[in-house]
1. Once Lys and Arg get +1 and Asp and Glu get -1 on their Cβ, which of GLY60, ILE5, MET32 lies farthest toward the positive end of the dipole of the chain?
2. Of the listed values (1) 16.0; (2) 15.3; (3) 17.1, grab the one calculated as Kirkwood radius over Cα pairs in Å from the structure here.
3. Once the piece of chain linking ASN128 and CYS96 is laid out straight, how much longer is it, given 0.36 nm per residue of separation minus the C-alpha distance between them?
4. With both partners inside the range 3-130, how many of the DSSP beta bridges are antiparallel, as a percent to the nearest 5?
5. Tell me which of PRO73, TYR119, LEU89 sits at the most positive position along the dipole axis of the chain, charges placed on C-beta atoms (Lys, Arg +1; Asp, Glu -1).
6. Pop the C-beta distance of THR7 and ASP106 into the FRET formula with R0 = 41 Å and round what comes out to the nearest 0.05.
7. Can you compute the helix-only [θ] at 222 nm over the chain? Use -39500 (n - 2.57) per DSSP H run of at least 4 residues, normalise by all residues, nearest 500 deg cm²/dmol.
8. With +1 on each Lys and Arg Cβ and -1 on each Asp and Glu Cβ, and nothing else charged, work out how big the dipole of the chain is about its Cα centre, in Debye to the nearest 20.
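A short reminder: the numbers here are calculations on the coordinates, not readings from a lab. Quick caveat: nothing in here was measured; it's all calculated off a predicted structure. Cβ placement follows ideal geometry from the backbone for every residue including glycine, while neighbour counts extend to all protein chains displayed.
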Amino acid sequence: MIYEINTNYGGKSKVKPSVELYAVKDFTGKEMPGLAIRLTDAETLEPYTMLTKSFGEFIGIKNAAYIDTNNCPFANQLFEKGIARNTGLKKTSGRCEYPLWIFNKDFLLEHGAENYQKYSDAYDEYMNPYTAEAEETDENQEIGGMKQ
């Protein structure tokens, strides 16, 4: 899907989002993929801007990313099109505030299913590290000499 935005200079631009990945780290230094949204000029196919801002840290809310309203003053125009919901949380850096949005899964799949799947799988594994191990253990578990 292509989105039309009003620019600061009274013009309009058509942009196409794509899901990209940032390298982020958790508090122990473990590296994993973070969610990023790049905007491309739909007419020239040249990079337009990064909608999201990475601070290099893992975000514990799935499908969430900080929005670079400093370099994307038009961000609310995209928000109003229903691509995400605002958490009400924000990060301050210098004089800028970056709101934390949770992107709609359908939006993420439409604009980068492969990268989104890498992100989603890594997030799920990180947040639920024992799920796969527990399922495997349950299949081979014996109780009182009887296999379940």
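1. ILE5
2. Checked against the structure: label (3).
3. My answer for the length gained is 8.2 nm.
4. If I count the DSSP bridges inside the range 3-130, around 95 percent turn out antiparallel.
5. PRO73
6. Using R0 = 41 Å, I get an efficiency of 0.95.
7. Value at 222 nm, helices only, nearest 500: -6500 deg cm²/dmol.
8. So the dipole magnitude of the chain works out to roughly 900 debye.
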